[in-house]
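One structure, as structure tokens, below. Some questions next.
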Amino acid sequence: MTTQTDHVDHELIRAAAHVARTRCRGDNHTMAAAARAQDGRIVTAVNAYHFTGGPCAELVVIGAAAAQGAYELDTIVAVGDRDRGVVPPCGRCRQVLFDYFPALKVIVGEGDHVRTLPITDLLPETYVWADHQLDAE
């Protein structure tokens, strides 16, 4: 575990908070995510809750970014509706984020204690899904 803390992208937190405040309504959309692409663009999305297991906001933002041609993400944050603030990614999202972007930074923490950590710090000693692809190269 690195425990290296990077600069906190407060603009990214504000973007996710704005989407959570203005677009999350009812039980279907309760979380917003914002990600900064390598080129500096910010992409936002909301979760799509469904009792069958709809995708979290972090996963929706991956698709939204790809739809906009942003295939490399640098930093991501999720914010809850009703002013819940920054919410760390669930276990499934941690694994997917790591698989897609192993160098991704994730903003976590509460209030004045938000910090930016490498995804690897949130998923130590992880299984690397792409290992099976190494022989194909």
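The values are calculated or read from the model by the stated rules, or taken from the named source; none is laboratory data. Just so we're clear, the structure is a prediction, and the values are computed from it rather than from any experiment. These accessible areas exclude ligands, DNA and RNA; they are computed on the full protein's heavy atoms, side chains included. Shrake-Rupley method; radii C 1.70, N 1.55, O 1.52, S 1.80 Å.
Between segment 17-42 and segment 62-79, what is the separation of their alpha carbon centroids in Å?
Between the Cα centre of segment 17-42 and that of segment 62-79, the gap is 11 Å.
If you roll a 1.4 Å probe over the heavy atoms of the protein chains, what accessible area per residue do you get for the chain, in Å²?
Each residue of the chain exposes 58 Å² on average to a 1.4 Å probe.
Roughly what angle does helix 91-100 make with the longest principal axis of the chain, taking Cα atoms, 0 to 90 degrees, to the nearest 10?
The helix 91-100 is inclined about 60 degrees to the chain.
Still on this structure, I have one more. Express the carbon and sulfur contribution to the solvent-accessible surface of segment 43-137 as a percent, rounded to the nearest whole number, probe 1.4 angstrom.
Carbon plus sulfur share of accessible area: 55 percent.
Multiply the residue separation of GLU11 and ASP83 by 0.36 nm, subtract the distance between their alpha-carbon atoms, and state the gained length in nm to one decimal.
My answer for the length gained is 24.3 nm.
Helix 57-67 against the longest principal axis of the chain: what's the angle in degrees, Cα atoms only, rounded to the nearest 10?
Long axis of 57-67 versus the principal axis of the chain: about 70 degrees.
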